[in-house]
Amino acid sequence: MRIDVLTLFPAMFQGPMTESMLWKARDRGLLDLRLHDIRDFTTDKHRTADDIPYGGGGGMIMKAEPVVSAVEHTLADAAPGTPVLLMTPQGRVFNHQIAKALAGYERLVFVCGRYEGIDDRVRQLVITDELSIGDYVLTGGELPAMVMIDALVRHIPGVLGAEGAADSDSHADGVLEGPHFTRPPVFRGLAVPQVLQEGDHARVARWRREQGLRRTWQQRPDLLLRAALSEDERYLLATFADEDARR
Ligand code: ADE
């Protein structure tokens with residue numbers, strides 16, 4: 001998969017995009033990540049990428065021409081329908097399902113906004129989707145782009161060690177994962193649950209699912225409204241509710 005990122009601050013991507021899983025994905029040729037400095041698409045000698053807003057008000061607005069030129073340059077050899085994603089707190093809130101869907105494309109273009117905003121004609125002319133990482137405002141779209149790239153690259157086949165590992169993630173089916181343990185078997189008086197130490201795969205799988213459901217019930221009950229659950233799992237939830245009621 002190829003991802004083009006358009007930003008005024010390409011150096012921000014050094015570090016997060018050159019370590020660990022993302023580096024492995026790039027090294028193995030599974031991810032071709034290209035950073036483009038929007039300032040390279042300005043045409044004046046001062047390389048001006050922002051200007052004051054029409055109608056007054058504080059802050060600076062990113063100019064339309066360099067951003068639109070950068071997008072058009074990037075899309076020149078891309079297939080029609082390539083998503084051009086604007087990072088903005090006004091977008092749809094990014095989640096596991098969106099990450100998985102984006103990982104299915106051959107190419108993606110991320111546009112990182114900065115300053116107080118971006119000339120709306122960029123959105124009207126070249127943006128296909130607007131995405132947010134949550135209901136708070138950051139100083140720019142660079143961190144959101146990195147968050148989304150990290151989350152979606154995990155869904156590219158071959159990036160994670162165990163095939164399909166991303167499908168057992170918390171949020172994959174609306175239920176969180178249960179707790180994990182590694183050695184030693186007892187740490188500061190806290191023992192690893194017996195069922196995990198015994199290693200009966202079917203029992204372990206059942207225990208994990210129950211623990212995941214319990215955790216979701218306790219920490220993110222809102223997720224359970226949308227989760228795909230079996231009748232047995234619904235019954236288990238009802239027992240958690242009973243336990244809580246008796247407490
Ligand atoms: N730019 C500023 N805040 C943002 C957010 N929450 N998500 C995506 N892009 C942003």
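Against the longest alpha carbon principal axis of the chain, how many degrees, from 0 to 90 and to the nearest 10, is the axis of helix 201-219 turned?
Helix 201-219 and the main axis of the chain meet at about 60 degrees.
For n ≥ 4 DSSP H runs only, could you compute -39500 (n - 2.57) per run for the chain, divide by its residues and tell me the 222 nm figure to the nearest 500?
On the way: 8 runs with 86 residues, N = 247.
One gets -10500 deg cm²/dmol as the mean residue ellipticity at 222 nm.
In degrees from 0 to 90, rounded to the nearest 10, what is the angle of the helix 231-246 Cα long axis to the longest principal axis of the chain?
Helix 231-246 sits roughly 80 degrees off the main axis of the chain.
Hey, what's the Kirkwood Rh for the range 186-246 if you take every pair of different alpha carbons, in angstrom? Don't skip to the answer; put the middle values down first.
Values: mean 1/r = 0.0762 Å⁻¹.
Evaluated on the range 186-246, it is 13.1 Å.
Restricting things to alpha carbons, find the Rg to Rh ratio for the chain using the Kirkwood radius for Rh. Please report the intermediate quantities before stating the final value.
Details: Rg = 22.6 Å, Rh = 21.0 Å.
Rg/Rh: 1.08.
Tell me the per residue accessible area of the chain using a 1.4 Å probe; a whole number in Å² is fine. Could you put the intermediate results ahead of the total?
Values: 14650 Å² over 247 residues.
Per-residue value: 59 Å².
So the label point goes 7 Å from the Cα of Phe240 along Cα→C-beta, right? Which residues of the range 201-217 then have their backbone N under 20 Å from it?
203-217
At a 1.4 Å probe radius, carbon and sulfur cover how many percent of the accessible area of the chain?
Values: 7580 of 14650 Å².
Ligands and nucleic acids excluded, carbon and sulfur give 52 percent.
So how much slack lies between Glu106 and Arg215, counting 0.36 nm per residue of separation and subtracting their Cα-Cα distance, in nm?
Gain in length upon complete extension: 35.7 nm.
With label points built 7 Å along Cα→Cβ from the Cα atoms of Gln124 and Met21, find their separation and express it in nm.
4.0
The values are calculated or read from the model by the stated rules, or taken from the named source; none is laboratory data. Just so you know, these numbers come straight off a predicted model, no measurement behind them. Backbone-built Cβ (ideal geometry, glycine too); neighbour counts: all protein chains shown. Heavy atoms of the whole protein, side chains included, go into the accessibility calculation; ligands, DNA and RNA do not. Shrake-Rupley method; radii C 1.70, N 1.55, O 1.52, S 1.80 Å.
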